[in-house]
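Trainee: Before I ask anything, here is the structure I am working with.
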Amino acid sequence: MQTERLRIAIQKKGRLAKECHELLKRCGVKINFSGDRLIVHAENMPIDLLLVRDDDIPGLIMDGVVDLGVIGENELEEVRLERVALGEPNEYVKLRRLDFGGCRLSVAIDKDKTYNGPQDLAGKRIATTYPNILKDYLDKQDVKFSTCMLNGSVEVAPRAGLADAICDLVSTGATLEANGLKEAEVIFRSKAVLIQRMGEFDADKTALIERLLTRIKGVIQAKE
Ligand code: PRT
Ligand code: ZN
């Protein structure tokens, strides 16, 4: 279903939301984010923003429901691998890596344990929110392991006796340290990215996307 206005999905609340608002503002897109709405309309351009949980953004793009999305590469890759396994649509176009949301997905273990490489994880149970990226990585290293899927409080799993190790997002490392863990292996490096759905766009939308991309480039370069 083609709509006339360009639809962009961004995170409603969370670590990417504020920077997305800021980026759009700097690109000259006028939006009033007050209130609790699913869709907000730009005042000066044919753009509608869909405000959703970040988990939903990759699927909205891969199913072609929205035109553009801003999402962390970690979430994007996790959903892509899950959809590949399920045989569901999993394609998208990466338009541009952005300059925020930087983090890494790492395996962490008890700070007092030694670590000599991925083979040390063989036979271990690893708690994570990212089972597909973790499996993809350790399969390539030929390491067999089991997972404990947790959507929150991953870092307390070893202490709670639920797992031998964790695989979670790290930025400063403070959370790991506070939980007596140390980073053992970085398995994925992530930033926020702007992605586009597959398929055709009419001339107006194509021109608008080009214009947005040029502005985004300018905004990022001006900060460098
Ligand atoms: O509600 P919704 O589902 O939309 O949001 P969410 O809670 O799933 O995601 P949110 O807002 O926490 O994160 C969105 C995205 O921000 C992630 O998918 C990453 O791409 C990016 N990002 C960047 C991070 C971090 N840095 C980060 N540090 N996401 C999470 N963390 C967490 C991490 O999980 C751990 O609990 O912060 C803690 C570690 O931080 P340090 O600084 O102590 O190392
Ligand atoms: Zn989420």
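We did not get these values from a lab; they are worked out from the coordinates using the rules stated. Quick caveat, the model's predicted, so the values are computed rather than measured. With ideal geometry, Cβ positions are generated from the backbone for all residues, glycine too; neighbour counts draw on all protein chains shown.
Trainee: Loop-only GluC sites (Glu not before Pro) in the stretch 20-75, please: DSSP not H, G, I, E or B, and at most 14 other Cβ atoms within 10 Å.
Mentor: Here the sparse-neighbourhood loop sites are E43.
Trainee: For the stretch 1-126, what is the relative contact order in percent, using Cα pairs closer than 8 Å and at least 6 residues apart in sequence?
Mentor: 25
Trainee: Going 7 Å from the Cα of N44 toward and past its Cβ, which residues in the stretch 19-33 have a backbone nitrogen under 13 Å from where you end up?
Mentor: What the label zone holds, given the 13 Å backbone N cut-off, is 24-32.
Trainee: If you build a Gaussian network model of the chain, linking Cα atoms that sit under 10 Å apart, which residue out of Q141, Q11, Q196 swings the most?
Mentor: Sorting by GNM fluctuation, first place goes to Q141.
Trainee: Also, quick follow-up: Between E22 and R159, what is the label-to-label distance in nm when each label sits 7 Å out along the Cα-to-Cβ direction?
Mentor: So the label points at E22 and R159 sit 3.1 nm apart.
Trainee: Still on this structure: Any idea how far apart R125 and R104 come out in nm if each label point goes 7 Å out from Cα toward Cβ?
Mentor: That separation, rounded to one decimal, is 2.8 nm.
Trainee: Which loop GluC sites (Glu not before Pro) in the stretch 89-189, with loop taken from DSSP, have no more than 13 other Cβ atoms within 10 angstrom of their Cβ?
Mentor: Listed in order of number, the matching sites are E91.
Trainee: If you line up the long axis of helix 131-140 against the longest principal axis of the chain, both from Cα atoms, how many degrees apart are they, to the nearest 10?
Mentor: Between the helix axis and the principal axis of the chain, the angle is about 60 degrees.
Trainee: May I ask you to list the residues of the stretch 31-71 whose amide nitrogen lies under 16 Å from a point 7 Å from Cα along the Cα→beta-carbon direction of R215?
Mentor: Residues 31-33, 40-50, 68-70 qualify, since their backbone N sits under 16 Å from the label point.
Trainee: Residue-wise, which Karplus ³J(HN,Hα) couplings in Hz belong to the stretch 152-157, taking 6.51 cos²θ - 1.76 cosθ + 1.60, θ = phi - 60°, and x for glycine or proline?
Mentor: x, 6, 4, 5, 8, 4
Trainee: In the Gaussian network model of the chain, springs joining C-alpha atoms below 10 Å, which of L95, L50, L76 carries the largest mean-square fluctuation?
Mentor: L95
Trainee: So if we plug the beta-carbon distance of K113 and D139 into 1/(1 + (r/R0)^6) with R0 = 30 Å, what FRET efficiency do we get, rounded to 0.05?
Mentor: 0.85
Trainee: To the nearest 20 debye, what charge dipole does the stretch 58-137 have about its Cα centre, counting +1 at the Cβ of each Lys and Arg and -1 at the Cβ of each Asp and Glu?
Mentor: Its charge dipole is roughly 300 debye.
Trainee: Assuming R0 = 30 Å, can you tell me the calculated FRET efficiency for the pair F201 and K13, based on Cβ-Cβ distance, to the nearest 0.05?
Mentor: That gives a FRET efficiency of 0.55.
Trainee: Return the long-range amide H neighbours of M45 (sequence gap of 5 or more, or a different chain), with a cut-off of under 5 Å between placed amide H atoms.
Mentor: K30
Trainee: Take every Cα pair under 8 Å in the chain that's 6+ residues apart, average their separations, divide by the length, and report that relative contact order as a whole percent.
Mentor: 26
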